[in-house]
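**Student:** Got a structure for you, questions after.
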Amino acid sequence: MTSPFGPLVIIANPRAGRGRVDAALPRVERVLRGQGLDYRIVRTTHPGHATEAARQALLGGERFLVAAGGDGTVHEVVNGMLADGQPVVPDAVLGVVAAGSGCDLIKSFGLPADAEQAAGHLAGDRVLAIDVGYVTCAGQDQQRYFVNIAQAGLGAAVVARTAGLTRTGKLLGGAKYAVGFWLTLPRFQPAPVRLDADGHACSWRAFNVVVANCRFYGGGMQISPRSDPCDRLLDVLVMTGSKSNSFTTLPKVYKGAHLPHRHIAELRAGQLVIDTGTPFPVEADGELLGSTPASFGLIPGVINLKL
């Protein structure tokens with residue numbers, strides 16, 4: 001007996017979350033065995049390994065890939081499922097077992113944060129076809145795909161700063177983003193930002209641009225509460241005005257109560273180009289990619305997410 005999508009390939013970074021993923025895997029296995037699901041586990045050993053493992057599994061005839069970890073693991077697996085703007089295998093399914101230091105993607109779909117409960121969702125045949133964004137930017141040698149949220153500007157600089165906090169073992173979980181934000185904010189300078197959204201040009205002096213497919217980032221912040229990952233559009237938020245607005249705006253972001261805001265321009269687009277007066281760093285799904293200029297787009301309904 002197995003899933004209607006075939007045996008599961010659990011792709012896990014055992015070191016994620018300071019070993020939380022490795023500790024959770026035996027519990028996940030017990031749930032899968034209890035449900036009679038066939039599976040195998042790939043423990044990743046280096047950056048990019050999850051992408052390689054996902055691609056190899058699909059080309060070898062397997063169809064049901066499960067990212068066990070945080071948003072970074074999901075990001076790598078998704079990049080192994082897509083190539084040249086197309087799915088490597090059209091009927092492939094993505095499952096997510098949140099077991100790392102943070103997984104914001106699942107919050108947009110009501111999936112459990114507990115690893116054992118998430119494993120229980122891997123049975124059955126319920127899936128949702130979701131959109132996937134893509135980005136190319138300076139300093140990046142190939143197109144990258146993202147399922148959740150990308151940023152250019154302060155948000156990406158915060159991602160770089162929080163990566164340093166994680167490496168030193170100082171902070172884990174949602175707290176690291178908040179701390180990284182306040183450490184990064186004083187030195188980050190706004191710049192002229194020029195956007196082309198589906199052929200419509202506009203410009204501001206701004207310090208951050210959020211390009212959202214889903215709703216949450218940064219350990220539970222609902223930065224883009226109106227995003228729908230099935231609507232074939234990216235939600236774009238341009239943060240203008242003074243950086244001091246962050247002192248009053250950031251607490252509201254956790255509840256998605258910061259919009260509308262007179263210093264946040266809201267757009268929706270299928271294609272987006274961002275250029276800035278000085279290069280802004282660019283990140284997607286919490287992975288630092290390069291810098292502006294950057295181009296974004298969307299592939300509708302290309303990933304079948306297991307619910």
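**Student:** From the list Gly155, Gly139, which residue is in the same structural domain as Gln222 (by TED's automatic domain parsing) and at positive phi? Reasoning before the result, please.
**Tutor:** Numbers: Gly155 fails: at positive phi.
Criteria check complete, one pass: Gly139.
**Student:** Pull out all pairs, ordered by first then second residue, where Cβ-Cβ is under 7 Å, the residues are six or more apart or on different chains, the first lies in the range 246-260 and is under 9 Å from Pro225 (Cβ atoms), and the second is modelled with pLDDT under 90 and not hydrophobic (A, V, I, L, M, F, W, C).
**Tutor:** Qualifying pairs under 7 Å: His258/Thr249.
**Student:** Another one. Looking at Leu37, is it over 26 Å from Tyr217 (Cα atoms), in contact (Cβ under 8 Å) with a residue 40 or more places away in the chain and not aromatic (Phe, Trp, Tyr)?
**Tutor:** When the stated conditions are applied, Leu37 passes them.
For (1) under 30 Å from Arg18 (Cβ atoms); (2) among the small types (Gly, Ala, Ser); (3) under 13 Å from the mean Cα position of the chain (by Cα), each residue gets a yes or a no:
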| residue | (1), (2), (3) |
| --- | --- |
| Asp71 | yes, no, yes |
| Ala83 | no, yes, no |
| Cys103 | yes, no, yes |
| Gly110 | yes, yes, no |
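**Student:** Could you list, in sequence order, the residues of the range 249-298 that are surrounded by fewer than 17 Cβ atoms within 10 Å (Cβ to Cβ) and of a type in the set (Val, Ile, Thr)?
**Tutor:** Listed by number, the list holds a single entry, Thr278.
**Student:** May I ask you to list the residues in the range 217-227 that are within 17 Å of Leu272 (Cβ to Cβ) and under 15 Å from the mean Cα position of the chain (by Cα)?
**Tutor:** Ile223, Ser224, Ser227
**Student:** While we're looking at this one, here's another question. For Gln189, indicate whether it is at pLDDT 90 or above, in a loop (DSSP other than H, G, I, E, B), outside the structural domain of Gly72 (by TED's automatic domain parsing) and not small (Gly, Ala, Ser).
**Tutor:** yes
**Student:** Also, quick follow-up: Within the range 158-178, track down each residue that is in a helix (DSSP H, G or I) and at pLDDT below 80.
**Tutor:** Listed by number, the residues that qualify are Ala163, Gly164, Leu165, Thr166, Arg167, Gly174, Ala175, Lys176, Tyr177, Ala178.
**Student:** Okay, next question. Given the condition part of a strand (DSSP E or B), surrounded by fewer than 22 Cβ atoms within 10 Å (Cβ to Cβ) and in contact with a helix residue (DSSP H, G or I) (Cβ under 9 Å, 6 or more places away or on another chain), answer yes or no: does some residue in the range 42-59 qualify?
**Tutor:** Yes, there is a match, as at least one residue in the range 42-59 is part of a strand (DSSP E or B), surrounded by fewer than 22 Cβ atoms within 10 Å (Cβ to Cβ) and in contact with a helix residue (DSSP H, G or I) (Cβ under 9 Å, 6 or more places away or on another chain).
**Student:** What's the number of the only condition in (1) buried (at least 22 other Cβ atoms within 10 Å of the Cβ); (2) assigned to a loop (DSSP other than H, G, I, E, B) that Asp228 fails to meet?
**Tutor:** Every condition holds for Asp228 apart from (1).
**Student:** If you don't mind, another one. Tell me the residue from Gly102, Gly95, Gly80 that is outside the structural domain of Arg268 (by TED's automatic domain parsing), in contact (Cβ under 8 Å) with a residue 12 or more places away in the chain, out of contact with any strand residue (DSSP E or B) (no Cβ under 9 Å at 6 or more places or on another chain) and buried (at least 18 other Cβ atoms within 10 Å of the Cβ), please. So that I can check it myself, show each step before the final result.
**Tutor:** Values: Gly95 fails: out of contact with any strand residue (DSSP E or B) (no Cβ under 9 Å at 6 or more places or on another chain); Gly80 fails: out of contact with any strand residue (DSSP E or B) (no Cβ under 9 Å at 6 or more places or on another chain).
Only one candidate qualifies: Gly102.
**Student:** Would you confirm whether any residue within the range 291-299 is in contact (Cβ under 8 Å) with a residue 24 or more places away in the chain, assigned to a loop (DSSP other than H, G, I, E, B) and of a type in the set (Gly, Ala, Ser)?
**Tutor:** Scanning the range 291-299, I find no residue that is in contact (Cβ under 8 Å) with a residue 24 or more places away in the chain, assigned to a loop (DSSP other than H, G, I, E, B) and of a type in the set (Gly, Ala, Ser), so the answer is no.
**Student:** Just for the range 105-127: of the residues that are part of a helix (DSSP H, G or I) and out of contact with any strand residue (DSSP E or B) (no Cβ under 7 Å at 6 or more places or on another chain), which one is surrounded by the most Cβ atoms within 10 Å (Cβ to Cβ)?
**Tutor:** Ser108
**Student:** Further question on the same structure: Of all residues being among the β-branched types (Val, Ile, Thr) and closer than 15 Å to Ala178 by Cα in the range 240-256, which is modelled with the lowest pLDDT? Just the residue, please.
**Tutor:** Pass one, the range 240-256, residues among the β-branched types (Val, Ile, Thr): 240, 248-249, 253.
When the remaining residues are screened for being closer than 15 Å to Ala178 by Cα, the result is 248-249, 253.
Working: Thr248: 83, Thr249: 88, Val253: 93.
Filtering the range 240-256 for residues that are among the β-branched types (Val, Ile, Thr) and closer than 15 Å to Ala178 by Cα, the one modelled with the lowest pLDDT comes out as Thr248.
**Student:** Considering every residue within the range 233-241, establish whether at least one is surrounded by 15 or more Cβ atoms within 10 Å (Cβ to Cβ) and outside any strand (DSSP E or B).
**Tutor:** Scanning the range 233-241, I find at least one residue that is surrounded by 15 or more Cβ atoms within 10 Å (Cβ to Cβ) and outside any strand (DSSP E or B), so the answer is yes.
**Student:** Also, I was wondering about something else. Residues that are more than 27 Å from Arg144 (Cβ to Cβ), modelled with pLDDT of 95 or more, assigned to a strand (DSSP E or B) and not small (Gly, Ala, Ser): does the range 196-206 have at least one?
**Tutor:** Yes, the range 196-206 has at least one match.
**Student:** Suppose we filter the range 274-286 for residues that are within 20 Å of Ile223 (Cα to Cα) and modelled with pLDDT of 95 or more; how many remain?
**Tutor:** Narrowing the range 274-286 to residues within 20 Å of Ile223 (Cα to Cα): 274, 280-286.
Still in the list and also modelled with pLDDT of 95 or more: 274, 280-285.
Here the count works out to 7.
The values are calculated or read from the model by the stated rules, or taken from the named source; none is laboratory data. All values derive from a computational prediction rather than experimental measurement. Reconstructed Cβ throughout: ideal geometry from the backbone, glycine too, with neighbour counts over all protein chains shown.
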